[in-house]
Amino acid sequence: MHSQPSLRLLLPVLLLTLFLSHLRPVPAAGSPAPAPADGSDFIRASCNVTLYPDVCYATLARYAASVHRDPARLARAAIAVSLARARRAAEYVSGISREADYGADRRAAAALHDCFENFGDAADEMRGSLKQMRQLGAAGSGEESFRFQMSNVQTWMSAALTDEETCTDGFVDVADGPVKSGVCGRAGAVKKVTSNALALVNSYVNKQAGP
């Protein structure tokens, strides 16, 4: 007849079992780590198609929770960021334009007025792009409808980028100074996010088109 094991012998076994039951499984060596649920890895990878990937990730990482791994949502977020930046740039240019009207530098005043109009046009084109992106599929779910809608977005975003470049081109003959550097610096920053947005739109279209 076998004797029952003593409590002193069973206690270490019970403690070890309890400890092991709370351990999470460790992935095998060489296996990929699970992707973050918020989609930040997706945004970082997607930004690699842009000319300014660091700027792209810095401006879009905050939208990871809403974007998840959806390229259409990412493109919409990028357009929205560009639109907000363009609006702020237009407000800045408008403010210093009023001051320049009373100055002696007529070239700077003319460049500022043209730049304000350029940013206004760019903002209108980005608003149209954002509205079109939000209406994807509303006019029909076919490939032809998708291509038509996205063609509009691509055209408008490209036009917005051209308008922003026209703004800085207008300052070529303006003397260097705080007005020129301030406007061109802000316009340059807006051009980067607009370029990134257009690249993400193009990437989304290419993914939908397939191989």
Checklist entry - How many residues does the stretch 91-101 hold that are in a helix (DSSP H, G or I), over 29 Å from Asp54 (Cα atoms) and without any contact (Cβ under 8 Å) to a residue 40 or more places away in the chain? => result 5
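Name every residue in the stretch 180-191 that is touching a residue at least 40 places away in the same chain (Cβ under 8 Å) and out of contact with any Lys or Arg (no Cβ under 9 Å at 6 or more places or on another chain), in order of residue number. Show your work before the answer.
Restricting attention to the stretch 180-191, the residues satisfying the condition of being touching a residue at least 40 places away in the same chain (Cβ under 8 Å) are 180, 182-183, 186-187, 189-190.
Across the stretch 180-191, the qualifying residues are Lys180, Gly182, Val183, Ala187.
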Checklist entry - Taking into account only those residues within the stretch 47-85 that are among the charged types (D, E, K, R) and buried (at least 23 other Cβ atoms within 10 Å of the Cβ), which is farthest from Phe119 (Cα to Cα)? => result Arg76
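Only the coordinates and a few stated rules stand behind these numbers; no lab work does. All values derive from a computational prediction rather than experimental measurement. FYI the Cβ positions are ideal-geometry reconstructions off the backbone, even for glycines, and counts take in every protein chain you see.
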